[in-house]
Amino acid sequence: MPAENSLILVVTFWSAAFMPTMILSASESEAKLPVKHSLSEREFRAQYAHAVKKFKAAYQNIECRAECQSLFDDPNEPSRQKRYVYSEHVRAKGNSIVAEQDYAAETPLGGIYSNEIVCATPDYAFELDKTRPDNPYLLTSVTHISTAHLRTRLRIIMGHYKDWYLYAAGSLDGCLFEEIIEKPSFSVTKLERVPSQMERGEQLVALDFKVTEDPWAISSGHIVFAPDRNWAVLEFQYRCDYSATDYSTYAGRNFFSSNQKHEIPVPEKCEHKVLHYHADMLPISDRYSATLSDFSLGTVDDSVFLLSHYGLPDSPLAAHPPEKNKLMQWFLIGNGILLALIVFYVMIQRFRTAQTRENLS
């Protein structure tokens, strides 16, 4: 028999002998995989609410360090392009957060600051900076918080891009999804299970949503969750419409460690991109990335939210006078105005009486 025919015979025999086994193995594997049913919005909301409770319970006291890079690019004015390289230490406890940033020597913030601290608590927010690493911190702003709305806004403004990776598992670029989903005008436009592209083979959930009449200008978005990792956010895109011609798009990807703490996924790396669109202009972009380390729970002390922790007096953080004192101040001011009106009225009456007497005489 020729050699070529022998080879064909061997290949044919191998295929006939082993192919049924391969097909059977594949069928068995598919049979072992759990069948994932479709997911309703009601089921999603219930499961995500449970995940948020676990997330909050674990994140009551948390901190991490990160090596970060950011790039601001305005093609309409190339001279405004800025690239920052900095390390960051973020600590959060309850509703308070503080971020310490140390900028690389060649890329200080705006060419001015080498170190910066941003802190936001339920009662106040402050910012510190120093021009040189060996200089003391200088207090640049203090804001006392009097309303829940102001607290929310300051939490976003002061913490934006300072802690977004710390809460990556439950947020969209720093905006907590649990707050977005509770907006009155929030609605789900699409909800489906999708296969993962990763080796783990876990099934993911993709959600499309829209929001109308939102004060933060969020109009629509798309999120990919990992249900097996306490519904952590793996990818997201959303859009903010400010006017008919001005809007921004946000996108990000989060990568998590295989290790979890208290059943909560630990972020390892985050990448975010923002594009700002304006009429008759090229889009302006912001890119951010962070690689996390030293992720720990239960290690944050209350002192880090005070000025004294950074070598400054705490007196600027003192609360405003109580509301009753404010009421007393308004009462005295009102009485003063009333008394002035009475005096003015008496003077007018006397003037009129004098004028009448002169006319009669």
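Below are the figures for this structure:
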quantity	calculated
Residue-level accessible surface for PHE255, protein heavy atoms, 1.4 Å, Å²	80 Å²
Surface accessible to a 1.4 Å probe, ARG287 within the full protein complex, Å²	110 Å²
For segment 206-278 versus segment 283-323, the gap between their alpha-carbon centres in whole angstrom	24 Å
Most to least accessible of ASP314, ASP173 (protein chains only, probe 1.4 Å)	ASP314, ASP173
5 angstrom amide H check on ALA232, placed H, neighbours 5+ away	ALA226
³J(HN,Hα) computed for each position of segment 248-253 - Karplus, 6.51 cos²θ - 1.76 cosθ + 1.60, integer Hz, glycine/proline x	9, 10, 10, 8, x, 10
Backbone HN-Hα couplings from phi across segment 182-187 [Karplus 6.51/-1.76/1.60, Hz, Gly and Pro as x]	8, 5, x, 9, 6, 8
Largest to smallest accessible area among HIS309, HIS50 [probe 1.4 Å]	HIS50, HIS309
LEU204 long-range amide H proximity, modeled H, under 5 Å	VAL194, SER196
Karplus-derived 3J(HN,Hα), 6.51/-1.76/1.60, for each residue of segment 87-102, Hz, glycine and proline x	9, 9, 10, 10, 10, 9, 8, x, 9, 10, 8, 9, 10, 9, 10, 10
Solvent-accessible surface ranking, highest first, for GLU263, GLU77 at 1.4 angstrom	GLU263, GLU77
Surface share of carbon and sulfur [accessible, 1.4 angstrom probe, percent] for segment 41-314	49 percent
Segment 41-314 - accessible surface per residue (Å², probe 1.4 Å)	49 Å²
Surface accessible to a 1.4 Å probe, ARG239 within the full protein complex, Å²	90 Å²
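The values are calculated or read from the model by the stated rules, or taken from the named source; none is laboratory data. All of these numbers come straight from a predicted model, not from anything done at the bench. Protein only, heavy atoms only, side chains kept; ligands, DNA and RNA dropped before computing areas. Shrake-Rupley method; radii C 1.70, N 1.55, O 1.52, S 1.80 Å.
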